[in-house]
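Please read the structure below before turning to the comments.
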2 protein chains.
Amino acid sequence: MNSKIKEKPKVELILETAGEVFAEQGYNKATIRDICKRSGVNLAAINYYFGDKERLYLTVLKYYRELAIQKYPLTFGINETDTPEEKLSNFIHTFICRFLEEGKTALFGKLLAREFTESTGALDVLVEDFIRPTFIKLSSIIREIMGNKSPDKKVELCAMSIIGQCLYFRNARPVVFRLRHKEGYTDKDIKEITKHIINFSLKGLVNN
Amino acid sequence: MNSKIKEKPKVELILETAGEVFAEQGYNKATIRDICKRSGVNLAAINYYFGDKERLYLTVLKYYRELAIQKYPLTFGINETDTPEEKLSNFIHTFICRFLEEGKTALFGKLLAREFTESTGALDVLVEDFIRPTFIKLSSIIREIMGNKSPDKKVELCAMSIIGQCLYFRNARPVVFRLRHKEGYTDKDIKEITKHIINFSLKGLVNN
DNA sequence: AATTGTTTCAATCGATTGTTTAATTTATAT
DNA sequence: ATATAAATTAAACAATCGATTGAAACAATT
C-alpha cells in the first residue's frame, strides 16, 4: 500500500543496528532484545535470519569489514614514495580514524578495538585476517625507520608501543574523560592526540 | 573440636577468593555462585556478610588497597635524589609490577587495570583516590624531564602515552599472545617489555 | 483459487543470575 | 541449663537472557 517507498531489507536493517549495539555495548552486554527493539523487528527475527547471536555477530563483522576495506584500502593511506616517517604518520592517522570517526565506516574499527580487551570467539579469525597484517605493515614501517639491523623483538615491542598508545585513548575513555572532567573527544582533541602520538613515537623509534 | 587450628574468618576468606575471581573474570562475568563455591561457603553468605555483589566488590577493593599501599608506598619507589630519568624508570617499573606480579599484592593493580576498559560503579572513587594521583605523580616526573615551560596539555598527552603502553600489554593479552603464538609472559618477557617502555618513553619525552 | 514456501508474531521454554526466605544449627550470654 | 543472638543451610524467588515454538499473515507459483 505505502509501497512507493522501497523498504530496507530486514536483514540489512538488523545488521546495521546490531553493529551499532555491539560497538556500543560489547558482545556480552548487547542483547538480542535491544537489537530487535531498535530495529523494530520481532524478537524471533534474529534467530530466524542468523541462527543465533554468535552467528549474527560474525555476520556483522563480515558486513562492516566490507565497508571498512572499501573506504580504507589496505595500504593504510601510504604511498611507497613517502618517507618512512611520513608512512608512520599516515599509518597512525589512518589507524586512529578507523575507530574514531562517526558513521558506519568506523564501526568495524570500533568492533576490532573491543576485541583487544573483550575478546569473543571471533578473535582468532580477526587476528589472522586483520590484526596480524596490520602489525606486519606497521613493523615494516618501523624497520624502515630503525634500520634493517634492528632485531625482530625490538621492532615488535615498538609496534606494541604505538598500537598501545592509540588503543588507550579509545578503550580507556571512561578514565580519560574523568581525568579531564570532560566527556567525549572533540575534533580538535583527536587532531592533537594523533599529532602527539606521531611525534612521541617517531622520537621513540630513534636509534641511539 | 578440631579447634587447635585457628580457622580463617569467613569474611576474610570470601574477600580473598572474590578478589581473585574479580581479577580473573571481571566484575560482570564473576558470579556469586563461583565465589561461594571456591570459598567453600554457602550461596547466601555473601549477601549475609556484604549485602550484595556490588558492596562485596567495593569491600574487595578496599581490602586489597590496604595490601597494595602497604607493599607499594605512594612514592612509586622514587627517591627525590634520583635523576628525573631514574624517577621515570622506577615509576614505569613499579607501575607494571603493581599489576603483573603473582600473589595477592598485585591483585589491586589487576582490578584497577580492569577498570580502565571495563568500568564499574566504583570508577569515580578509584579515579580520584588512585588513578588521578598516579597521573599527577607521573606528570610531575614528565615535567622535570621536559622542562617547566612544557604546556599542561603536552604533559598530559605524554602521561597517556606511557600509561597506554603499560596497560596495553596487560589488557590486550588475548591479542598479544595470539600474535606471538605464545601464551603468557615469562619473567624475561616482562623485563624486556619494561625496559623497552622505559627506553621508548624516555626518547619520546625528549624536546626538540 | 488453491497450494506452497516465506516471513512475522506472541508466547514460552530453559538456563543463569543476583537475591531472599525460613528453618536449622551453632555460639554466646545470663 | 536456658534463652537469646549469630551464623549457616537448602530451597526458592524474580529478573534477564538466548533460544524455540506453532500459529497466523503474507507472497509467489501453479
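Within the shell of other residues whose beta carbon sits under 14 angstrom from the beta carbon of A:Pro151, the net charge comes to +2, with Lys and Arg scored +1 and Asp and Glu -1.
What is the mean number of Cβ atoms from other protein chains located within 10 Å of the Cβ atom of each residue in peptide B:178-186, rounded to a whole number? All intermediate terms of the calculation are to be shown ahead of the outcome.
Numbers: counts 8, 9, 1, 0, 0, 0, 0, 0, 0.
That works out to 2 on average.
Here the contact order of segment A:92-208, divided by its residue count and restricted to Cα pairs under 8 Å and six or more residues apart, works out to 30 percent.
Normalised by residue number, the volume inside the convex hull of the Cα atoms of chain A is 152 Å³ per residue. Using only Cα coordinates, the Kirkwood hydrodynamic radius of segment A:10-64 works out to 10.6 Å. Distances between every pair of Cα atoms in the protein assembly as shown, grouped in 10 Å steps from 0 to the bin holding the largest one, split as 4, 20, 28, 25, 14, 6, 2, 0, 0 percent.
Extension gain, A:Glu102 to A:Lys37, is 21.2 nm, computed as 0.36 nm per intervening residue step minus the present C-alpha separation.
Working from label points 7 Å from Cα in the Cα-to-Cβ sense, the A:Ser140 to B:Leu74 distance is 5.1 nm. Shielding of peptide B:193-206 by partners, expressed as the average count of other chain Cβ atoms within 10 Å per residue Cβ, is 5.
For segment B:8-71, averaging the sequence separation of C-alpha pairs within contact (under 8 Å, six or more residues apart) and dividing by the residue count gives a relative contact order of 37 percent.
Within 10 Å of the Cβ of each residue in B:23-32, the mean number of Cβ atoms contributed by other protein chains is 1. Under the criterion of Cα pairs below 8 Å and six or more residues apart, the relative contact order for chain A equals 18 percent. The alpha carbon centroids of segment B:159-193 and segment A:166-185 are separated by 21 Å. For trypsin sites (Lys or Arg not before Pro), the sites in segment B:111-208 that DSSP calls loop and that have at most 10 other Cβ atoms within 10 Å are B:Lys149.
FYI, it's all coordinate maths here, none of it is from the lab. Since this is a predicted model, take the numbers as computed values, not measurements. We place every Cβ from the backbone using ideal geometry, glycine too, and count neighbours over all the protein chains shown.
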